Amino acid sequence: MDCPRDTPNDTMLPILPSTNDWVFKLLFGDERYKDNTIALLKSFLDLPGDEFDLTFMNTALKPEAEEDKAGILDIKLQTKSGQLIDGVPASF
């Protein structure tokens with residue numbers, strides 16, 4: 001039996017890095033993959049376990065002035081107690 005590594009490159013699927021904006025939002029900013037987001041946040045936030053009952057929120061940032069550009073956060077969440085967790089802006 002051939003090892004998958006022995007298949008031609010044109011039949012192999014590329015591995016996309018989690019640092020790619022689209023991939024990051026899919027892995028961590030989509031409620032369908034809430035477990036991924038919770039695991040990521042638990043790795044660097046010191047919050048009680050029950051705080052990770054997260055609500056995903058609208059990630060669009062409205063311009064505050066006419067000359068400002070709109071932005072989109074990678075993730076925007078609210079914890080059980082109401083604490084907001086905002087992701088890094090994806091674009092401005």
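For I72, the amide hydrogen comes within under 5 Å of the amide hydrogens of L61, A90, S91, counting only partners 5 or more places away or on other chains and with H modelled in the peptide plane.
Using a 10 Å cut-off around each Cβ, can you sort L45, L40 from fewest to most neighbouring Cβ atoms?
Numbers: L45 12, L40 15.
Exposure proxy ranking, most exposed first: L45, L40.
Extension gain, M57 to L16: 0.36 nm times the residue separation minus the Cα-Cα distance gives 12.2 nm.
When you restrict to C-alpha pairs under 8 Å that are six or more residues apart and normalise by the size of the stretch 18-91, the relative contact order lands at 25 percent.
The lysines whose alpha-carbon is closer than 22 Å to the alpha-carbon of K34, local same-chain residues fewer than 8 away aside, are K25, K42, K76, K80. Loop-located GluC sites (Glu not before Pro) in the stretch 31-90 (DSSP state other than H, G, I, E, B) with a sparse environment of at most 10 neighbouring Cβ atoms within 10 Å: E64, E66, E67. Shown for F24, F56: other C-beta atoms within 10 Å of each C-beta, ranked fewest to most, produce the order F56, F24.
Quick note: the coordinates plus some simple rules give every number you see, no bench work behind them. Treat the numbers as computed from the prediction; the structure is a model and nothing was measured. All Cβ positions, even for glycine, are placed from backbone atoms using ideal geometry, and neighbour counts span all protein chains on display.
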